[in-house]
Amino acid sequence: MAELRAPAPGQMAASGLQDKHLSGLATALMLGLGLLFVVLPVWALLQRSLWTADGAWLGLSLFAQYLETPALLDSAWRSLRLSALSALICVGLAYVYAFALTQSQMRGKGFFRAVALLPLLAPSLLMAISLVYLFGNQGLLKGWLPGGIYGETGIVIGSVLWTFPHALLVLLTSLATLDGRLPEAARTLGAGPWRIFWTVTVPASRYGLMMALVVVFVLVITDFGVAKVIGGQANVLATDLYRQVVGQQNFGMGAVVSVWLLLPAVGAFFLERHFRRRQAASLGARASVFQPRPHTLRDHTLLAVCVLIALALLAVIAVAVFASLATYWPYNLTPGFKNYDFDNMDGGGWATYGNSLRLAVLVALLGTAAAFASAWLVEKPRHHGALREALNLVLALPLAVPGLALGLGYILFFNTPGNPLQGLYASMAILVICTVVHFFSVAHLTLLAALRQLDREFELVAESLGVPAWQTLWRVHLPVCLPALLQVAGFFFVNAMTTVSAVVFLYAPHTQLASVAVLNMDDAGDVAPAAAMAVLIFLTSAAVRGLFALASHFALQRTQAWRQR
């Protein structure tokens, strides 16, 4: 057996110096890409609201014009009002649902959790189209809503349905980390279940409640699909931005509307970061896991509520699937695949579905690799602290930029004469880049959290043995983070399949996507084919998520055996 020898001090110093230079170069490169694809497009958006396309200074004249236009001002107030109302209703329902899944002995928790997360796999357009088939002029339940589904009522109902799983995920995390000692202490002191709920459970999860309200508010105020399909004459900021850019080619006023759309999103972004820090500090090191006790009345009541919510979600999706198969709604409901003949419909044909698949695969591959690289550069190197902090800040910015605003910023930046990257415009590449950037912050933060689970001693031991940083990354960091990597890849794929707002301004005839085809077919009056395409997106996303779940299961068995006792 060969004798093991420690590396010479000079060899270790050379290896450490090389790692320092390489990590600094990689961090600078990643920061440059962040500035190019995140900061500069947003700056171009802000610039266009203050200058003309020729560079003439406008000042705040466009903002003054906006404030003097009653219709645009009404849209802004309506957006704020409907977003707040949707957030209150959605978070209220999601809190009861999350409480049932974490704080009760209700049966079927796995089933109810899976059903609640189904809307994540479909574009928001699917919910709106399904509501039209349920409560529209020829809907199955058209007499159930006195004022009809079109308008503010439809926007609120559709928004609550598609944002429900987002609020639920936040609240599940908050309630699952409840310190079990607190309810036990209250019960020992003689407090009843209702008093424990209001004096212990709600205060302990208040930051999760606030974060859920912020998340849903931002999702609704920046959403474009629901308001476009079912909003009727009730305009909101997102639809105003779409009309200014697509309908009137008024990029200056579109930039102004984008700025107004940015303000609540940026404010909510900082609030969310504040709440996240407070929530992280609320769980003590001596906390115990809460084990709910059986309570017949509570468990049966929560089961009834969960059944009603789950039935509503399943009914909306089922109606969309049925409508996509009906021959001619509502006169001939014989099932068939006539509506799936996309090549004979106004909207782009089957080529749009192929484009979406190609986009989703490229976004999943590129986005996952870039997110892991950025998270590693922020967390693991011990040098270039200021550079790494700057990189982390830049990569968190997309979380505060709505998709519509980001897409318009890409138009204004990459389509500028003289820009050497102008060739990216109207290509699949710009759709891939914009989609990766739009969803990058969540992926970056997820992998950052996964890497932070690894103790710094791994890197210190590797350095003391003269092991290059890239070998530590390949042999330690990458295998340990494999489950998180698969989760992020699935996240990128599904969001690339379902996104509308980030790409609606950027596609060309040969790069049109399936989610945009849903919008175009609905505009053309082909509602059933639009439902069919939305259902196809949903089924594709569900199948791919299932494949990623299987891959994660096998990866845990083959490469994560050390996690099992």
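Key figures for this structure:
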read-out: Among residues of region 146-171, those that are modelled with pLDDT under 90, buried (at least 21 other Cβ atoms within 10 Å of the Cβ) and part of a helix (DSSP H, G or I), counted; value: 2
read-out: Which numbered condition VAL42 fails, given (1) touching a residue at least 24 places away in the same chain (Cβ under 8 Å); (2) out of contact with any helix residue (DSSP H, G or I) (no Cβ under 6 Å at 6 or more places or on another chain); value: (2)
read-out: Among residues of region 322-368, those that are under 25 Å from the mean Cα position of the chain (by Cα) and either closer than 18 Å to PHE538 by Cα or not in a helix (DSSP H, G or I) (or both), counted; value: 12
read-out: Residue in region 267-282 that is at pLDDT below 90, among the charged types (D, E, K, R), more than 28 Å from the chain's Cα centre (by Cα) and surrounded by fewer than 18 Cβ atoms within 10 Å (Cβ to Cβ) present; value: no
read-out: Of all residues making up region 391-436, the number that are part of a helix (DSSP H, G or I) and in contact (Cβ under 8 Å) with a residue 12 or more places away in the chain; value: 29
read-out: Any chance GLY403 is among the small types (Gly, Ala, Ser) and under 18 Å from SER515 (Cα atoms); value: yes
read-out: Residues satisfying the stated conditions in region 522-554, i.e. without any contact (Cβ under 8 Å) to a residue 40 or more places away in the chain and either acidic (Asp, Glu) or surrounded by 20 or more Cβ atoms within 10 Å (Cβ to Cβ) (or both); value: ASP523
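The values are calculated or read from the model by the stated rules, or taken from the named source; none is laboratory data. Not measured: the values here are computed from a predicted model. For neighbour counting, all protein chains shown are included, and Cβ atoms are generated from backbone atoms with ideal geometry for every residue, glycine included.
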